[in-house]
Amino acid sequence: MIRIKNVTKDYGSNKGVFDLSFEVQDQETFGLLGMEGAGKTTLLQILMGFSNLSGGRCTINAKHCWKQSTGIKNFTGYLPQKITLPESMTGLQFFRFLADLRNRKSLEKAIRTADAFELDTSKKIRDLNQEEKKKLAIAGVFLHDPEVLLLDEPESDLGEKAKVQFMNLILEEKSRGKTILIATGSFATAERLCDRIGILRRGMLVNLDDVSVIREASRKVFCIGFRSELEAVRFVRESGFDVLNKNATQLTVSVSGELQNFIKVLSGYKVLTMESIPQTLEETFTYLYGGDLSD
Ligand SMILES: Nc1ncnc2c1ncn2[C@@H]1O[C@H](COP(=O)(O)OP(=O)(O)OP(=O)(O)O)[C@@H](O)[C@H]1O
């Protein structure tokens, strides 16, 4: 279990994290959501013992994050936001290097992860592109099959296909009972992977809820193309759904909660196209709680 109690790291000028308290339960996947500069990296670095606290206390599996950070590293996999890799090694040499550091013989888990990403580990790291380096770093984090995963913006630098591969890897780790803390600026990532989501704003936790509660309350936005303008107008008049924008036969419609009723209502209209409009973290936050998430 990860325990964060009244944790403050004050860099001055209102930067850092302030009086954070929450727990990540064993086998839980927790999403720490926030915009750039919200304090996500600061908290993860504190948990890894890279940075001491100005106040408060935090532990992972009852080990003190500052005083017992070496012990924590034995059972924790940490993916930093900014990765640095030994450029002259191949991927496989990098795995061997990590295995030596961690006193492990088997590279199996890292190799399986690299395979899941379709990554060629025989190439020198300096010849990999940014996405391939990120995949390699993630595979390296999994090498010692850690009980706890702390992942800082894991999906950044990954393309759409690799993001799906990454999500599948995390869902597999989750089903194997790992305790996972993911720091991300992507509401979609957190919603897909996490059991609970904590929202960080200017270093403070402004909301913490089960993902099902947030999903239920948040909205989906669709751009719908009707066969005729008359049909679109009929939808505006009769459907009862919130229409955010109308442009001839196209309507942008907001739907909150379950989609069943929306789909049922929509089946009564002549629809030619329907596209889901992804909502940013900021749009979701503003819709749910009002106000502005950025500083
Ligand atoms: N060592 C430091 N000294 C002073 N200020 C710092 C230091 N490290 C981070 N900050 C500031 O603290 C705030 C929180 O930074 P942090 O990197 O934790 O945010 P973040 O949520 O991870 O965002 P990002 O995605 O941009 O990394 C930012 O305003 C940052 O500029």
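Observations on the structure shown:
- Counting only strands (runs of 3 or more DSSP E) wholly contained in the stretch 1-108, the ones carrying 2 or more residues that are farther than 29 Å from Thr121 by Cα and touching a residue at least 24 places away in the same chain (Cβ under 8 Å) occupy 2-12, 15-24, 29-33, 55-60.
- Single residue of the stretch 177-187 satisfying the filter (over 8 Å from the mean Cα position of the chain (by Cα) and either under 14 Å from Phe166 (Cα atoms) or surrounded by 24 or more Cβ atoms within 10 Å (Cβ to Cβ) (or both)) that is farthest from the ligand (Cβ to nearest atom): Thr179
- Scanning the stretch 44-56 for residues that are of a type in the set (Gly, Ala, Ser), within 17 Å of Ile72 (Cβ to Cβ) and more than 13 Å from the ligand (Cβ to nearest atom) yields Gly49, Gly56.
- The residues on offer are Ile214, Ile199, and the sole one that is within 16 Å of the ligand (Cβ to nearest atom) and either under 16 Å from the mean Cα position of the chain (by Cα) or among the charged types (D, E, K, R) (or both) is Ile199.
- Selection within the stretch 140-174 - closer than 14 Å to Leu79 by Cα, of a type in the set (Gly, Ala, Ser) and part of a helix (DSSP H, G or I): Gly140
- Single residue of the stretch 217-253 satisfying the filter (over 30 Å from Gly31 (Cβ atoms) and either assigned by TED's automatic domain parsing to the domain that holds Glu191 or of a type in the set (Lys, Arg) (or both)) that is nearest to the chain's Cα centre (by Cα): Lys246
- Residues in the stretch 131-157 that are over 13 Å from Gly91 (Cα atoms) and within 16 Å of the ligand (Cβ to nearest atom): 8 in all.
- Looking across the stretch 1-15, the residues that are among the polar types (S, T, N, Q) and within 15 Å of the ligand (Cβ to nearest atom) come down to Thr8, Ser13, Asn14.
- Filter result for Val221 (in contact with a strand residue (DSSP E or B) (Cβ under 9 Å, 6 or more places away or on another chain) and under 21 Å from Leu150 (Cβ atoms)): no
- Test: residue in the stretch 81-89 that is within 16 Å of the ligand (Cβ to nearest atom) and of a type in the set (Val, Ile, Thr): yes
- Qualifying residue in the stretch 70-83 (condition: more than 22 Å from the chain's Cα centre (by Cα) and more than 23 Å from Ile180 (Cα to Cα)): no
- Residues satisfying the stated conditions in the stretch 71-125, i.e. surrounded by fewer than 18 Cβ atoms within 10 Å (Cβ to Cβ), hydroxyl-bearing (Ser, Thr, Tyr) and over 12 Å from Leu143 (Cβ atoms): Thr84, Ser88, Ser122
- Entry remark, the stretch 270-295: residues being touching a Lys or Arg at 6+ places or on another chain (Cβ under 7 Å) and surrounded by fewer than 16 Cβ atoms within 10 Å (Cβ to Cβ) number 5 in total.
- In the stretch 16-43, the residues that are closer than 22 Å to Ser54 by Cα and within 10 Å of the ligand (Cβ to nearest atom): Gly16, Val17, Leu32, Gly34, Glu36, Gly37, Ala38, Gly39, Lys40, Thr41, Thr42, Leu43
The values are calculated or read from the model by the stated rules, or taken from the named source; none is laboratory data. Model, not experiment: these values are computed from the prediction. Because the Cβ atoms are built from the backbone with ideal geometry, glycine has one as well, and the counts that use them run over all protein chains shown.
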